[in-house]
Amino acid sequence: MAHQAYSEVMAQFGNRILPSFHPDTRFVARVAKRIVKVSGMDNLEWEFHVIDSPEPNAFVLPGGKVFVFTGILPIVKNEDGMAAVLGHEVAHQLARHSAEKLSFAKVILAFQITLMLFGIDPTYIFNQLALNFVISKPFSRKCETEADAIGLQLMAQACYNPEEAVSMWERMEKAGHGDIPQFMSTHPSHRNRVEFLEKEVIKISKFSL
């Protein structure tokens, strides 16, 4: 599954991936090296690709394949901001969120089959609306929040300024990119994200004293 996902992404964006010697790729690689080093997963075959595209986005595929869009670079602004993004993506791999989501989907499927065996139509409980807004999206937001917290710790351990994670998301909020009502999204709202990170930064600051 991981190989298939990687192949699909490369087929879609392969011609827009910047070469390793490009300044943007070197910028991302420089930050990524430090984040990976403190993650405890430096034995994984990490790959960090920069896609020349205006979307302010980044994502990770199972197996440590990370993709960063150039559209996010003006928002991250500096290495600390980039560390917030990469720390978050590496955290997804560290927490094995892809496997966790797959396991969660299997549990839901098994419960639906059990209901059918007892003669109960699972669509009464698990219609598409309920699956999306009551189960799937809240679970995805939980994973995102967990990745935010772990990512913050990773960037701090890599000697980046965790406060810049807050600033980066404030810039994202001001840019107005993709902030729909939280209950409709797989991600926390920008405002909730900022408030959560502010609290986490205080915890990290107290711990480091």
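The values are calculated or read from the model by the stated rules, or taken from the named source; none is laboratory data. Note that the structure is a prediction, hence the values are computed from the model and not measured. Counting neighbours? That spans all protein chains shown, and the Cβs are built from the backbone with ideal geometry, glycine included. Heavy atoms of the whole protein, side chains included, go into the accessibility calculation; ligands, DNA and RNA do not. Shrake-Rupley method; radii C 1.70, N 1.55, O 1.52, S 1.80 Å.
For Met41, indicate whether it is more than 25 Å from Val194 (Cα to Cα) and not charged (D, E, K, R).
Details: more than 25 Å from Val194 (Cα to Cα): yes; not charged (D, E, K, R): yes.
In short, yes.
Suppose we keep only residues that are among the charged types (D, E, K, R) and farther than 13 Å from Met168 by Cβ within region 44-98. Which one would you say is least open to solvent (accessible area, probe 1.4 Å)? Give the steps one after another, and end with the answer.
Keep residues of region 44-98 that are among the charged types (D, E, K, R), which gives 45, 47, 52, 55, 65, 77, 79-80, 89, 96.
Subsequent filtering for residues that are farther than 13 Å from Met168 by Cβ retains 45, 47, 52, 55, 65, 89, 96.
Numbers: Glu45: 143, Glu47: 58, Asp52: 87, Glu55: 74, Lys65: 31, Glu89: 16, Arg96: 156 Å².
For region 44-98, the residue satisfying everything is Glu89.
Check Phe27, Phe13, Phe21 and return the single one that is open to solvent by less than 70 Å² (accessible area, probe 1.4 Å) and modelled with pLDDT of 95 or more.
On the way: Phe13 fails: modelled with pLDDT of 95 or more; Phe21 fails: open to solvent by less than 70 Å² (accessible area, probe 1.4 Å).
Residue meeting the stated conditions: Phe27.
Show the residue pairs meeting these rules: Cβ distance below 8 Å; 6+ apart or different chains; first residue within region 167-184 and under 23 Å from Lys142 (Cβ atoms); second residue exposed (fewer than 15 other Cβ atoms within 10 Å of the Cβ) and modelled with pLDDT under 60.
These pairs meet every condition: Phe183/Phe133; Met184/Phe133.
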